[in-house]
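Structure first, commentary second.
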Amino acid sequence: MFNSQFLRNKNICTPLIDFCVFAPSSVYLLLFPFLTGQTMHTLDEYDKKLLRLLQQNNLQTTEQLSKEVNLSQSAVQRRITKLRNEKIIEADVSIISPAASGVGITCIVDVALHEGSLRNLESFKSSMMNCPEVAQCYYVTGSHDFVLVVNTRDMAHYDAFSKKNLIENPNMKHFYTHVVIDKVKVGYGIPI
């Protein structure tokens, strides 16, 4: 749920921002750099092609990438360094097989809190950041406050997680758990 008071507290409330408060979240996301004073690097076709290639396999050498994008190795390295420094490339990670790490169940959990005060929201965010079972935590609009992606060994492990982190939370209004039967599509790349 978007909070216009948050923007007012940040002293960035303008007629344009008041419009954004009632606009779809996608409009806010497009304007987020403007609203926060951040400047975004303009991606040219070389950057976009590099990013597409790196999303598929970030272990490619600059030699391999330079052939693909038709730039020199040094130009490719400069561009990648700039993309990392400007946080356009946020991280270089290895994606581990859930089965290899002992994960047997993935759950999607919708969470609604009793009170959406800034203090309670931050407290919940902090507690989820410290839960190793929580792979992803999203603060969302709609009938729920958060959506979690939770990985556990089995249902007993999920039950222990939910009791400790959800049921015992005094600000918990309710939560709904969806157990994943089949991962039809899991993607980590962003369309460029």
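Here, each number is a calculation from the coordinates, and none is a lab measurement. Source: prediction; values computed, not measured. Reconstructed Cβ throughout: ideal geometry from the backbone, glycine too, with neighbour counts over all protein chains shown.
Using the basic label-point model (7 angstrom from Cα toward the beta carbon), what is the residue 64 to residue 163 distance in nanometres? About 4.8 nm separates the two model spin labels. Once the Cα-Cα distance is subtracted from the 0.36 nm per residue extended length, the residue 125 to residue 180 segment shows a gain of 17.5 nm. Around the amide H of residue 172, modelled in the peptide plane, lie the amide H atoms of 114, all under 5 Å away and 5 or more residues distant in sequence or on another chain. The string of couplings for segment 73-88 from the Karplus curve (6.51, -1.76, 1.60, θ = phi - 60°) is 4, 5, 5, 5, 4, 4, 5, 5, 4, 5, 5, 6, 4, 8, 6, 6 Hz, one whole number per residue in order, with x for Gly and Pro. Across segment 150-157, computed HN-Hα scalar couplings (Karplus, 6.51 cos²θ - 1.76 cosθ + 1.60, θ = phi - 60°) run 10, 10, 9, 5, 7, 5, 4, 5 Hz from first to last residue, x flagging Gly and Pro. For the charge dipole of segment 52-125, defined by +1 on Lys and Arg C-beta atoms and -1 on Asp and Glu C-beta atoms about the Cα centroid, which residue among 54, 77, 121 has the Cα displaced farthest towards the positive pole? Value: 77. Cross-link check: pairs 49/125; 48/125; 82/183; 87/185; 87/164 evaluated at a Cα-Cα cut-off of 30 Å; pairs beyond the cut-off: 49/125; 48/125; 82/183; 87/164.
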